Every structure is written in C-alpha cells, then in structure tokens.
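Reviewing the structure listed below.
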Amino acid sequence: MIQIFGKISELTSGRRLYDITPKIIDWIESEEIKSGLLTLNIKHTSASLLVNENYDSDVLYDLENFLSKLVIDGDESYSHTSEGPDDMSAHIRTALTQTNLSFSVRNKKLNLGTWQGIFLYEHRFGSFNRCVDLHFIGE
C-alpha cells in the first residue's frame, strides 16, 4: 500500500462552480498508484466541493439560482459581516455543501458517472486562489 499527498489550485473570479475534474485526472495520471482511494479536501470556509452534472451548464446555473434564493447575501439577521455582504452567506453555503469528497480509482480512471464532474464551488464574489488537498492511497 502506498500513500501520496498532493495539491491542486484554482484561481477563482467570483461566485460560481469551477470544473476541477481535468486537474484531478491529470494529477492521478502523473502519480505511481494505479488503483485505490482518492480523497479531496478543501480547507476554506467560503468555498466547497461538489459532484454534479458537467454536460449541461444550465444545471450549474440553476443550482446557483436556487442557492441565491435560499441563502441571501447581506441578510440583516447576520452578525458576521466583517468582509462584506457575501461573507456570512458564503459560510452558510459551505455548511450546506461539502468540503471533502472520496472516489475510487481503478487503473488510473476516476470512478465518475458519464455526466459527473467535480467542482470547486466559490461562494464569494471576489477572486481567490483556492487549494484542494489530495490524498491517494492504493497500489
């Protein structure tokens, strides 16, 4: 059994979903492990990780539209507003989504469905350099 640790970065430019699947696939292909378990972890409190459809961009638009109605930016009931109107709403969005994902890898192939992709979901309006830690264990 071998363990490998890595990191990928994504420079975001506002609130939306960023498809990081190609970066993850490239990383897997560059490593010595052929099959095992890959765990992804984002260490940010205002961005998250999601698996969703990567074929029709309307899905991503509709997801953001739904969350914008569910979690209101600048809601007057929020106490934590030190970084602007998207500050607390970004933390709530992260709490409603995921910061860790795990996937099987077999023969260097990420076990995703035909229409699935892995997305970094930026919850803030600004630009940030977001990092995702990777932990690959297998043989």
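The values are calculated or read from the model by the stated rules, or taken from the named source; none is laboratory data. Only a predicted model underlies this, so the values are computations on that prediction, with no experimental measurement involved. Here the Cβ positions follow ideal geometry from the backbone for every residue, glycine too, while neighbour counts run over all protein chains shown.
Residue check: is residue 113 part of a loop (DSSP other than H, G, I, E, B), out of contact with any helix residue (DSSP H, G or I) (no Cβ under 6 Å at 6 or more places or on another chain) and farther than 23 Å from residue 8 by Cβ?
When the stated conditions are applied, residue 113 does not pass them.
Only one of (1) farther than 30 Å from residue 107 by Cβ; (2) part of a loop (DSSP other than H, G, I, E, B); (3) modelled with pLDDT of 95 or more fails for residue 82. Which number is that?
Failing condition for residue 82: (3).
Please enumerate the residues belonging to the range 1-27 that are hydroxyl-bearing (Ser, Thr, Tyr) and modelled with pLDDT under 95.
Scanning the range 1-27 gives no hits.
Can you tell me how many residues in the range 9-32 are outside any helix (DSSP H, G or I), under 14 Å from the mean Cα position of the chain (by Cα) and not small (Gly, Ala, Ser)?
9
Could you please tell me which pairs satisfy a Cβ distance under 9 Å, a separation of 6+ or placement on different chains, a first residue in the range 1-15 that is on the phi < 0 side of the Ramachandran plot, and a second residue that is surrounded by fewer than 10 Cβ atoms within 10 Å (Cβ to Cβ) and assigned to a strand (DSSP E or B)?
Short answer, once both residue conditions are applied: 9/129; 10/129; 11/129; 12/129.
Yes or no: the range 31-51 includes at least one residue that is free of Cβ contacts under 8 Å to residues at least 60 places away in the same chain and of a type outside the set (Ser, Thr, Tyr). Even if it seems obvious, please write down each step before you answer.
As a first pass, look at the range 31-51 and keep what is free of Cβ contacts under 8 Å to residues at least 60 places away in the same chain: 32, 45.
Now restrict to residues that are of a type outside the set (Ser, Thr, Tyr): 32.
Yes, the range 31-51 contains at least one residue that is free of Cβ contacts under 8 Å to residues at least 60 places away in the same chain and of a type outside the set (Ser, Thr, Tyr).
Which one of 67, 49 is among the hydrophobic types (A, V, I, L, M, F, W, C) and either out of contact with any helix residue (DSSP H, G or I) (no Cβ under 8 Å at 6 or more places or on another chain) or on the phi > 0 side of the Ramachandran plot (or both)?
Within the list 67, 49, the selection yields 49.
What are the residues in the range 33-56 that are among the polar types (S, T, N, Q) and part of a loop (DSSP other than H, G, I, E, B), if any?
Within the range 33-56, 35, 45, 46, 54 meet the criteria.
Tell me which residues, restricted to the range 85-104, are touching a residue at least 24 places away in the same chain (Cβ under 8 Å) and either part of a helix (DSSP H, G or I) or in contact with a Phe, Trp or Tyr (Cβ under 8 Å, 6 or more places away or on another chain) (or both).
86, 87, 89, 90, 91, 93, 94, 96, 97
Could you tell me which residue of the range 67-94 is farthest from the chain's Cα centre (by Cα), considering only residues that are loosely packed, with under 12 Cβ neighbours inside 10 Å and within 22 Å of residue 44 (Cα to Cα)?
In the first step, residues of the range 67-94 are kept if they are loosely packed, with under 12 Cβ neighbours inside 10 Å; the result is 69-70, 76-77, 79-80, 82.
Filter once more, keeping what is within 22 Å of residue 44 (Cα to Cα): 70, 79-80, 82.
Details: 70: 19, 79: 26, 80: 23, 82: 24 Å.
My answer is 79.
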